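Colleague: I have a structure here, written as structure tokens, and I will follow up with some questions on it.
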Amino acid sequence: PLQVFSIILVIVGLALGVRLAKPLGLTTGYHQVIGYVLVAILLSAQPILGLFQHLHFRKTGTRSAMGVGHRWLGRIVIIVGVVNGGLGMKQSGPVGNEWIPNYAPVAYSIVAAVVFLFYVGIVVGSTLRKKNVRPNEKYDTRGYEMHPSSNDRQRDHRYQYR
């Protein structure tokens with residue numbers, strides 16, 4: 001549901017941007033073209049890579065190149081999207097005019113930096129936690145109905161959750 005909601009927000013943001021840019025004749029500026037490319041990636045490549053990784057994981061219990069590509073493409077799109085937000089402010093005119101108050105780029109930069117630091121903290125924290133898992137150990141991909149009884153789980157070390 002969160003991904004569907006995010007896709008809806010992306011589409012609404014694109015539609016709003018096009019609607020606001022049309023009267024100004026700015027539908028082909030660098031900010032807009034970068035936005036079109038990012039939206040195209042988010043609506044095509046990301047879901048396809050994510051789906052193929054999900055299917056691979058359910059089948060094998062391991063990561064694939066598609067999953068790594070999905071993760072890194074997503075990170076790159078996020079970074080380029082944040083930079084593109086700043087480019088959109090720059091395209092609107094000089095800072096301090098009626099469209100861009102003096103505090104806007106500073107506030108945007110602070111929020112972007114805080115979110116970036118929060119994200120890096122989550123990535124580093126999850127990476128450190130994953131180091132506790134044995135590298136060759138596969139994840140259990142079966143449904144709950146197929147799990148062995150609780151007594152079997154206690155004897156089998158693969159079912160000990162951390």
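Colleague: As a test question: what accessible area, to the nearest 10 Å², does residue 54 have when a 1.4 Å probe is rolled over all protein chains in place?
Modeller: The value for residue 54 is about 90 Å².
Colleague: On to the next question. Report the net charge of residues surrounding residue 69, where surrounding means a beta-carbon distance below 13 angstrom and charges are Lys +1, Arg +1, Asp -1, Glu -1.
Modeller: That sum, taken over residues with Cβ under 13 Å, equals +3.
The values are calculated or read from the model by the stated rules, or taken from the named source; none is laboratory data. If you're wondering where the values come from, they're calculated on a predicted model, not measured in any experiment. Ideal geometry is used to build each Cβ from the backbone, glycine not excepted, and the neighbour counts take in all protein chains shown. Please note that ligands, DNA and RNA were not included when accessible areas were found on the heavy atoms of the full protein model with its side chains. Shrake-Rupley method; radii C 1.70, N 1.55, O 1.52, S 1.80 Å.
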